[in-house]
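Undergrad: Sharing a structure below in structure tokens format, with a few things to ask.
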Amino acid sequence: MKFILIGIVVSDKIKDIMKENVDKINGMIDVNTVVGSPIKINDKVTIIPVSKISYGFGTGGADFQNKSNPTDPFFGGACGTGVSISPVGFLTVCDENVTFLQVESFHGALDRLIAMAPDIVNKISNSIKNRNKDKKDS
């Protein structure tokens, strides 16, 4: 049986190798790898590690002619995977304030914006709390 994968004919043997490779990658990487388990420092401070994961894989194979039995070709196949996990920073939760401490320097505007997101959320949240408090006091 043959399968079509993005315009390429893939035999069952290659498909099995690819499936095994992807299954092993899925087994290694989950949400707890990207956003780590919270580390409680004390009653007021919690630190959550954040990582970046990059991976790639390749698979290949070929059927070779079997001179002793031409109806049963030999198959040779292999796959390779590379995974890189890099720390990006830490979310720190202190009382009700959340900040992001970046490990590396900013590489562009998007990195800076992502790092500022917790601070922006805190400011908006505090502003809403102060408005509600002012309304109750009036």
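The values are calculated or read from the model by the stated rules, or taken from the named source; none is laboratory data. Fair warning: this is a prediction, and the values are worked out from it, not measured in the lab. A quick note on method: Cβ atoms are made from the backbone with ideal geometry, for glycine too, and the neighbour counts reach across all protein chains shown.
Undergrad: Is there a residue in region 83-96 that is of a type outside the set (Val, Ile, Thr), out of contact with any Asp or Glu (no Cβ under 7 Å at 6 or more places or on another chain) and over 18 Å from residue 47 (Cβ atoms)?
TA: Looking through region 83-96, at least one residue is of a type outside the set (Val, Ile, Thr), out of contact with any Asp or Glu (no Cβ under 7 Å at 6 or more places or on another chain) and over 18 Å from residue 47 (Cβ atoms).
Undergrad: Let me ask you something else. Could you go through region 20-30 and let me know if any residue there is farther than 17 Å from residue 93 by Cα, touching a residue at least 60 places away in the same chain (Cβ under 8 Å) and surrounded by 12 or more Cβ atoms within 10 Å (Cβ to Cβ).
TA: Checking region 20-30: at least one residue is farther than 17 Å from residue 93 by Cα, touching a residue at least 60 places away in the same chain (Cβ under 8 Å) and surrounded by 12 or more Cβ atoms within 10 Å (Cβ to Cβ).
Undergrad: In this structure, is residue 42 assigned by TED's automatic domain parsing to the domain that holds residue 97 and in contact (Cβ under 8 Å) with a residue 40 or more places away in the chain?
TA: So residue 42 does not fit the description; no.
Undergrad: Here is a further query. Here are some residues: 100, 74. Which one is among the aromatic types (Phe, Trp, Tyr) and out of contact with any Gly (no Cβ under 7 Å at 6 or more places or on another chain)?
TA: Among 100, 74, only 74 is among the aromatic types (Phe, Trp, Tyr) and out of contact with any Gly (no Cβ under 7 Å at 6 or more places or on another chain).
Undergrad: Restricting the first residue to region 72-85 and requiring it to be within 13 Å of residue 62 (Cα to Cα), which pairs with a second residue that is assigned to a strand (DSSP E or B) and of a type in the set (D, E, K, R) meet a Cβ separation below 6 Å and a spacing of at least six or different chains?
TA: 73/63; 75/63
Undergrad: Identify all residues within region 31-47 that are surrounded by 11 or more Cβ atoms within 10 Å (Cβ to Cβ) and β-branched (Val, Ile, Thr); write none if there are none.
TA: Once the filter is applied, which keeps residues that are surrounded by 11 or more Cβ atoms within 10 Å (Cβ to Cβ) and β-branched (Val, Ile, Thr), region 31-47 yields 33, 34, 35, 39, 41, 45, 46, 47.
Undergrad: Restricting to strands (runs of 3 or more DSSP E) lying wholly in region 1-94: which have 1 or more residues that are modelled with pLDDT of 80 or more?
TA: In region 1-94, the matching strands (runs of 3 or more DSSP E) lie at 45-64, 74-94.
Undergrad: For region 63-70, does any single residue satisfy the condition of being surrounded by 12 or more Cβ atoms within 10 Å (Cβ to Cβ) and either acidic (Asp, Glu) or touching a residue at least 12 places away in the same chain (Cβ under 8 Å) (or both)?
TA: Yes: one or more hits.
Undergrad: Ok, one more. Being in contact with a strand residue (DSSP E or B) (Cβ under 8 Å, 6 or more places away or on another chain), in a strand (DSSP E or B) and either touching a residue at least 24 places away in the same chain (Cβ under 8 Å) or β-branched (Val, Ile, Thr) (or both) is the filter here, so list the residues in region 95-138 that pass it.
TA: The answer is 98, 99, 100.
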